[in-house]
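Read through the structure below, which is laid out as structure tokens, and then see the notes.
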Amino acid sequence: MTTPIHRRSFIKGAAAAGAAVAVSQVFPVPNILRAANTGGKLNCAVIGCGGRGRSHLNVASKENLVAVVDPDEKRAASALESFSGSVQAQAFGDYREMFDKVGKTLDAVFIATPNHHHALPAMIAMQLGKGVYCEKPLCHNVGEARKLSALAAKHKVPTQMGNQGHCMEGYRRLCEFVWGGVIGNVTATHSWTNRANGGRGPRPDSEPTPAGINWDSWIGPAPYRDYHVDLHPHEWHGWYDFGNGSLGNLACHVMDGVYWALKLEHAQSIEVEEIHGGTDERCPTGTTIRWDFPARGDMPPLQAYWHDGRHGDDDPGDGNHFGPKGAKGPQNFPPLLLELKKQYPDEKFDSSGTLYVGDKGIIYTGTYGNNMRVLPKTAMKDVDGPPTSLPRPMDSFADFLRACREGTTDTATSFDYAARLTEFTLLGNLAQRAGKGKKVEWDGPNMKVTNIDELNRFVSRENREGWRFS
């Protein structure tokens, strides 16, 4: 396994690559020209080999997989063994070294790491002129979202956030129904998930780092801490330093239709109405959050709600939680959904979904926009839906690879849109930190909380030394 590069080497390599990017901006060379040298296949790197990274590896291995990166040696080795005989990729424990050694040869970079590692490799790749596919949420905090959007616009590279539902039929049909006035003026939405990515109690005691894990590389740009249980490989979701709780895990999927169909921009305020679990370090195990939006064009003001995890502390959870203490109590469903379940007992709803409440009716969508329908479903056949107006792209991976080959920035969830959607959802973390009943007033254009100044330190953060982008 390779060792992490020294900071000096990284800066030198990035500077040289930056000079190459500057030349390519004067004499642009589409990625399709490089692909022609490898049998029409793109040179790819995958950063993060577990979880969603397996899907990224399956896609990249059908191209020309040049490198895999994971601070866990076993994961990196397993990734290469999975494609034994079909790829000749190098394994790295640190993406800074990967970029330093093979970055110039790449066409596309796939990122499937914990949230705190999303922004930095994406920034480096874009600075090198490479296409980037990054899992949701696009980044760890609002400041990073703004930087990623700006860099994508500056370097004009193909970008895509892994938000599969945005490419599917459901959310596109939802937009056409809402914009066509099928349910009238939408004044409220209620989104929910059974995920309870949080915890309770103090940080566990430090333990020796398991063999084969480069812990400094795993921590990366986040504040350093010793290894302890309840972090690797998945429980990081529930710690603010590395993840964003259930919001980071699911909101970019579940609330994509809310943001898109209702043409949202900057929220005026965000407020937690209920909260359970959580600490200064840990995300809550259950929350109800409300975003308030002003009127947009011919659309009225909107209240968008998010209900996650569990509420109450009486009953054991159903396993959709992480952390040694877990989450207890029944799922935190929206009261409106519970009413609809009683009114329409034959209706089926996902464990994550959204209700769009208009003055002429209600629309339901599942986790990824699936099962889009006017309620009750028996009435759907009588709805005279508007004509199809939005394009129907291929799946998110294929859409990204097409853009890389064509040298275009036109993808379904380019970083321009993805950054705005991510910012919308992550504002919920600021409200969680403020606490129940404390309205957070948000100045979107200036990226600032105007009424609780201490929250502004969470809007963005400075990376740890050696992991800063320049």
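With 0.36 nm allotted per residue and the present C-alpha distance subtracted, the SER351-TYR227 stretch has 41.4 nm of extension available.
Report, for the chain, the % of DSSP beta bridges that are antiparallel, rounded to 5.
The answer is about 60 percent antiparallel.
Once fully extended, how much extra length lies between ALA77 and GLN343, figured as 0.36 nm per residue of separation less the alpha-carbon to alpha-carbon distance?
Difference between extended and current length: 90.5 nm.
Computed over segment 330-382, the convex hull of the alpha-carbon atoms projects to a mean area of 3.9 nm². Both the radius of gyration and Dmax for segment 257-309 are 13.3, 41 Å, in that order, over alpha-carbon atoms. Packing around the peptides 272-280, 184-192, 339-347, taken as the average count of other Cβ atoms within 10 Å per residue, puts them in this order, highest first: 184-192, 272-280, 339-347. Note on segment 139-158 and segment 362-385: Cα centroid distance 35 Å, given to the nearest whole angstrom.
How big is the dipole moment of the chain about its Cα centre under a simple scheme where the beta carbon of each Lys and Arg is +1, that of each Asp and Glu is -1, and everything else is neutral? Debye, nearest 20, please.
For this selection, approximately 1020 debye.
Calculated mean residue ellipticity at 222 nm for the chain: -8500 deg cm²/dmol, from DSSP H runs with n ≥ 4 weighted as -39500 (n - 2.57), summed, divided by the residue count and rounded to 500. Every pair of different Cα atoms in segment 363-470 enters the Kirkwood calculation, which places the hydrodynamic radius at 18.5 Å.
R0 = 30 Å: FRET efficiency of THR279 with LYS377, Cβ-based, nearest 0.05?
Given R0 = 30 Å and the Cβ-Cβ separation, E is 0.10.
Mean sequence separation of contacting Cα pairs (under 8 Å, at least six apart), scaled by the length of the chain, corresponds to a relative contact order of 20 percent.
The residues neighbouring SER149, those whose beta-carbon lies less than 12 Å from its own, together hold a net charge of +1 under the Lys/Arg +1, Asp/Glu -1 convention. For segment 195-258 and segment 99-134, what is the separation of their Cα centres, given in Å? When both Cα centres are located, 21 Å separates them.
Hydrodynamic radius of the chain by the Kirkwood approach over all distinct alpha-carbon pairs: 23.0 Å. With a Cα cut-off of under 25 Å and a minimum spacing of 8 residues unless on different chains, the lysine pairs in segment 41-143 number 13.
Remark: ASP100, ASP256, ASP205 ranked as ASP205, ASP100, ASP256, counting other beta-carbon atoms within 10 Å and listing the fewest first. The label point for ASP416 and the one for HIS266, both projected 7 Å from the Cα toward the Cβ, are 2.0 nm apart. Working from label points 7 Å from Cα in the Cα-to-Cβ sense, the LYS438 to LEU336 distance is 2.8 nm.
Every read-out reported here was derived from the displayed coordinates using simple, explicitly stated rules and does not represent laboratory data. The structure presented is a predicted model; accordingly, all values stated were derived computationally and were not measured. Note that each Cβ is placed from the backbone with ideal geometry, even for glycine, and that neighbours are counted across all protein chains shown.
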